[in-house]
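For reference, the structure discussed in these notes is given below.
Read-outs throughout are calculated quantities, based only on the coordinates presented, and are distinct from any laboratory measurement. Keep in mind the model is a prediction, meaning the values are calculated, not measured. Quick reminder, even Gly has a Cβ in these numbers, built from the backbone with ideal geometry, and neighbours come from all protein chains shown.
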Amino acid sequence: MYNGNPSYRRTMAVLVLTTVPDLERGEAIARALVEEGLAACASIGGPMTSIYRWQGATEQAIEHQMVIKTVREQVTAVQARVVALHPYQLPELVVLEVTGGSAEYLAWIRAETAGSGSAGTR
């Protein structure tokens, strides 16, 4: 947790958010990202209802939210891989900076996305 130390406020970790139309597609994207070392973990939640504007019309769809844990250096590669595997013409890709958290967990994210193999178990 954030402990007031200014150097602790910025980490290398980021969360990449996207949505997918079904659990199976989310699992396929998550597995590819983790196996390729682009993400330490990808969580898939849902189903949830999304209401949005698309090509001039209000649309509604059942989707699953993905939260992809990675590091800044991998964001471009993660986004490219998601776009390549994603069925949507314009997939959601939102990157959130992690400003704190468990030092051990953040170190695990760094280790798993640096190509060093398994740094431990969760």
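Just a few scattered comments:
- Distance between modelled label sites at Glu27 and Val83, nm, 7 Å Cα→Cβ extension: 2.8 nm
- Top positive-direction residue, dipole computed over the stretch 22-122 with Cβ charges, set Ile109, Ile62, Ile51: Ile109
- Approximate spin-label separation Leu90-Ile51, in nm, with each point projected 7 Å along Cα-to-Cβ: 2.0 nm
- Per residue, the chain reaches -8500 deg cm²/dmol at 222 nm when only DSSP H runs of four or more residues are counted, each adding -39500 (n - 2.57).
- Under a model in which nothing but the beta-carbon of Lys, Arg (+1) and Asp, Glu (-1) is charged, the chain shows a dipole of about 380 debye around its Cα centre.
- Answer label, with P(r) over Cα pairs in 5 Å bins from 0, in percent calculated from the coordinates and candidates [x] 2, 10, 15, 18, 16, 13, 10, 7, 4, 2, 1, 0, 0; [y] 2, 10, 22, 25, 22, 13, 4, 1, 0; [z] 2, 11, 20, 21, 17, 13, 8, 5, 2, 0: [z]
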